[in-house]
1. Quick one: which residue in THR178, THR95 is of a type in the set (Ser, Thr, Tyr), crowded, with 19+ Cβ neighbours inside 10 Å, in contact with a Leu (Cβ under 9 Å, 6 or more places away or on another chain) and in contact (Cβ under 8 Å) with a residue 40 or more places away in the chain?
2. Anything in the range 206-256 that is among the hydroxyl-bearing types (Ser, Thr, Tyr) and either modelled with pLDDT under 90 or on the phi > 0 side of the Ramachandran plot (or both)? List them, or say none.
3. Within the range 65-85, is even one residue in contact with an Asp or Glu (Cβ under 8 Å, 6 or more places away or on another chain), surrounded by fewer than 21 Cβ atoms within 10 Å (Cβ to Cβ) and outside any helix (DSSP H, G or I)?
4. Out of the helices (runs of 4 or more DSSP H) lying entirely within the range 132-221, which hold 2 or more residues that are assigned by TED's automatic domain parsing to the domain that holds VAL55?
5. Sort out which residues of the range 136-172 are at pLDDT 95 or above, farther than 15 Å from ALA112 by Cβ and surrounded by 20 or more Cβ atoms within 10 Å (Cβ to Cβ), and write them in order of number.
6. Scan the range 195-204 residue by residue and report those that are crowded, with 16+ Cβ neighbours inside 10 Å and under 12 Å from HIS217 (Cβ atoms).
7. Report, by residue number, each residue of the range 50-64 that is surrounded by 20 or more Cβ atoms within 10 Å (Cβ to Cβ) and touching a Ser or Thr at 6+ places or on another chain (Cβ under 8 Å).
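The values are calculated or read from the model by the stated rules, or taken from the named source; none is laboratory data. Not measured: the values here are computed from a predicted model. All Cβ positions, even for glycine, are placed from backbone atoms using ideal geometry, and neighbour counts span all protein chains on display.
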Amino acid sequence: MSTHHKTTLLSVQHLHKAFGGNQAVNDVSFNLQAGELLALIGPNGAGKSTTFNLVNGQLSPDSGSITLDGVSLLGRKPNELWRMGVSRTFQIAQTFGSLTVAENVQMALLSADGKSLAPWQRATHYRRADALQLLEQVQLDTQANRPCSALAYGDVKRLELAMALANEPRLLLMDEPTAGMAPDERHALMALTRSLVNQRGVAVLFTEHSMDVVFEHADRVLVMARGALFAQGTPAQVQADPQVQAVYFGSGKTFGASTTEAQA
């Protein structure tokens, strides 16, 4: 287990964001600790995606603060955040279909080191041992020399995770990480994420539609409704909260197998 637990890494305080007259995010505050998986959920229009995009720098808040280890993240471009140790899966980590699996990770390592290649160069030799070690951590080392375009969908997701780890992140932001995956693949990817988080003491904020993933893998859950934080707690606390059930699924429904794919 990581020794980094209980250190507040990400601090989000009093975020506000309006689009026209609509308060998409209204006074949202939360902290995220190193070594913690924090899920952000809520029904459509709850403000969850806007909150996530404020944290990852795609949007700027109207007011409020976002700090990583005490340093403000506001106004920083994605490549600047990447160098500060903020990784986003499935956005930064667009895979290159024409490159091999290993070369994709080598490109991410180049980026993490602030280097770039001339257009005619390939990353074939750059930090190859480090790339293979990252691939081993996501159980893709045996496919290192295959073209990325030949990978199965679940393997692409694991490759993107390896690429997101190339900058040795302190904060990993995962937007719908298991979208499109079969249930067993979903749980395998999140179990893998959990083991890597434990090893490295990374903090993870993720949004997710699949309630089975949220309740099995998150340490804490934030529930948003109508732009505000409505409830937060452990998965068990949130699952048992009748108000959360009413807001999330309407009356008469509970968090159960039938709601696995409820739209968040």
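1. Values: THR178 fails: in contact (Cβ under 8 Å) with a residue 40 or more places away in the chain.
Exactly one of THR178, THR95 is of a type in the set (Ser, Thr, Tyr), crowded, with 19+ Cβ neighbours inside 10 Å, in contact with a Leu (Cβ under 9 Å, 6 or more places away or on another chain) and in contact (Cβ under 8 Å) with a residue 40 or more places away in the chain, namely THR95.
2. Step one: list which residues in the range 206-256 are among the hydroxyl-bearing types (Ser, Thr, Tyr), which gives 207, 210, 234, 248, 251, 254.
Matches in the range 206-256: SER210, TYR248, SER251, THR254.
3. So in the range 65-85, the residues in contact with an Asp or Glu (Cβ under 8 Å, 6 or more places away or on another chain) come out as 85.
Applying the additional criterion that residues be surrounded by fewer than 21 Cβ atoms within 10 Å (Cβ to Cβ) yields 85.
Keeping just the survivors that are outside any helix (DSSP H, G or I) gives 85.
Checking the range 65-85: at least one residue is in contact with an Asp or Glu (Cβ under 8 Å, 6 or more places away or on another chain), surrounded by fewer than 21 Cβ atoms within 10 Å (Cβ to Cβ) and outside any helix (DSSP H, G or I).
4. On the way: elements: 153-164, 183-200, 211-217.
So the answer is 211-217.
5. LEU140
6. Let us first name the residues in the range 195-204 that are crowded, with 16+ Cβ neighbours inside 10 Å, namely 196-197, 200-204.
Hits for the range 195-204 are VAL197, VAL204.
7. Of everything in the range 50-64, those that are surrounded by 20 or more Cβ atoms within 10 Å (Cβ to Cβ) and touching a Ser or Thr at 6+ places or on another chain (Cβ under 8 Å) turn out to be PHE52, LEU54.
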